[in-house]
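A.B. asks: I'd like to ask some things about the structure below.
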Amino acid sequence: MKAVFIDTSAFLAALDKGDKFHPAAANKWSALARGKSELWTTDYVRLESWSLIQRRLGAEAVMAFQDDWLPLCKIHEVGPDGFERAAAQWRIAQRRNLSLVDLTSFDAMRQLAIRTALAFDQHFQEMGYLEVEA
């Protein structure tokens with residue numbers, strides 16, 4: 001079974017019909033469902049997604065995220081060591097405009113040996129991760 005990392009941008013695009021990536025997100029989520037992939041995200045992505053969804057789409061969308069989308073994923077806990085690794089990388093990578101959440105995601109993907117991401121954030125491609133095919 002292929003493991004796939006799910007980024008905040010994928011959750012947001014799936015829930016927001018006005019998002020420019022919504023059609024692509026719908027196709028890629030469907031492809032993942034057909035392929036029986038093992039989906040992973042992190043506790044940091046969960047928190048970031050909740051916050052952005054609440055701010056942009058409101059409480060009803062947060063409930064859909066919590067009840068319908070998040071249960072599809074296993075949650076990798078970043079923990080103190082993951083935070084420290086990402087913080088050290090952030091200091092080095094500031095000019096690349098990577099967020100701490102992105103860096104914890106990349107660290108988790110390395111730890112879990114995941115090479116494919118459902119993300120509409122160009123940083124995943126820049127880091128050499130594969131895209132989910134629709």
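The values are calculated or read from the model by the stated rules, or taken from the named source; none is laboratory data. Since the structure is predicted, the reported quantities are computational estimates derived from the model, not experimental observations. Neighbour counts run over all protein chains shown; Cβ positions are idealised from the backbone, glycine included.
A.B. asks: With (1) surrounded by 13 or more Cβ atoms within 10 Å (Cβ to Cβ); (2) under 17 Å from residue 119 (Cα atoms); (3) touching a residue at least 24 places away in the same chain (Cβ under 8 Å) as the list, and residue 82 as the residue in question, which single condition is left unmet?
C.D. replies: (2)
A.B. asks: Among the listed residues 70, 98, 103, which satisfies the condition of being closer than 14 Å to residue 10 by Cβ, surrounded by 12 or more Cβ atoms within 10 Å (Cβ to Cβ), free of Cβ contacts under 8 Å to residues at least 60 places away in the same chain and within 16 Å of the chain's Cα centre (by Cα)? Walk me through it before giving the result.
C.D. replies: Details: 98 fails: closer than 14 Å to residue 10 by Cβ; 103 fails: closer than 14 Å to residue 10 by Cβ.
After ruling out the rest, the residue left standing is 70.
A.B. asks: Which one of the conditions (1) within 18 Å of residue 117 (Cα to Cα); (2) within 16 Å of the chain's Cα centre (by Cα); (3) surrounded by fewer than 18 Cβ atoms within 10 Å (Cβ to Cβ) does residue 16 fail to meet, given that it meets all the rest?
C.D. replies: (1)
A.B. asks: Condition first: hydrophobic (A, V, I, L, M, F, W, C), modelled with pLDDT under 95, surrounded by 12 or more Cβ atoms within 10 Å (Cβ to Cβ) and part of a helix (DSSP H, G or I). Can you find one or more residues in segment 37-60 that meet it?
C.D. replies: Step one: list which residues in segment 37-60 are hydrophobic (A, V, I, L, M, F, W, C), which gives 39-40, 45, 47, 50, 52-53, 57, 59.
Now narrow it down to the ones that are modelled with pLDDT under 95: none.
Scanning segment 37-60 turns up no residue that is hydrophobic (A, V, I, L, M, F, W, C), modelled with pLDDT under 95, surrounded by 12 or more Cβ atoms within 10 Å (Cβ to Cβ) and part of a helix (DSSP H, G or I).
A.B. asks: Taking segment 110-125, which residues are over 15 Å from residue 99 (Cβ atoms) and out of contact with any helix residue (DSSP H, G or I) (no Cβ under 7 Å at 6 or more places or on another chain)? Outline the logic, then answer.
C.D. replies: Taking segment 110-125 first, the residues over 15 Å from residue 99 (Cβ atoms) are 110-116, 118, 125.
Hits for segment 110-125 are 110, 111, 112, 113, 114, 115, 116, 125.
A.B. asks: Would you check if there is a residue in segment 16-31 being of a type outside the set (A, V, I, L, M), without any contact (Cβ under 8 Å) to a residue 60 or more places away in the chain and in a strand (DSSP E or B)?
C.D. replies: Checked against the condition, which is being of a type outside the set (A, V, I, L, M), without any contact (Cβ under 8 Å) to a residue 60 or more places away in the chain and in a strand (DSSP E or B), segment 16-31 yields no hits at all.
A.B. asks: Let me ask something additional. How many residues are over 23 Å from residue 38 (Cα atoms) and in a helix (DSSP H, G or I) when one looks only at segment 83-125? Don't jump to the end; show me each part of the working.
C.D. replies: Our first condition is that a residue be over 23 Å from residue 38 (Cα atoms); within segment 83-125, this holds for 83-100.
Subsequent filtering for residues that are in a helix (DSSP H, G or I) retains 83-92, 94-96, 100.
Within segment 83-125, residues that are over 23 Å from residue 38 (Cα atoms) and in a helix (DSSP H, G or I) number 14.
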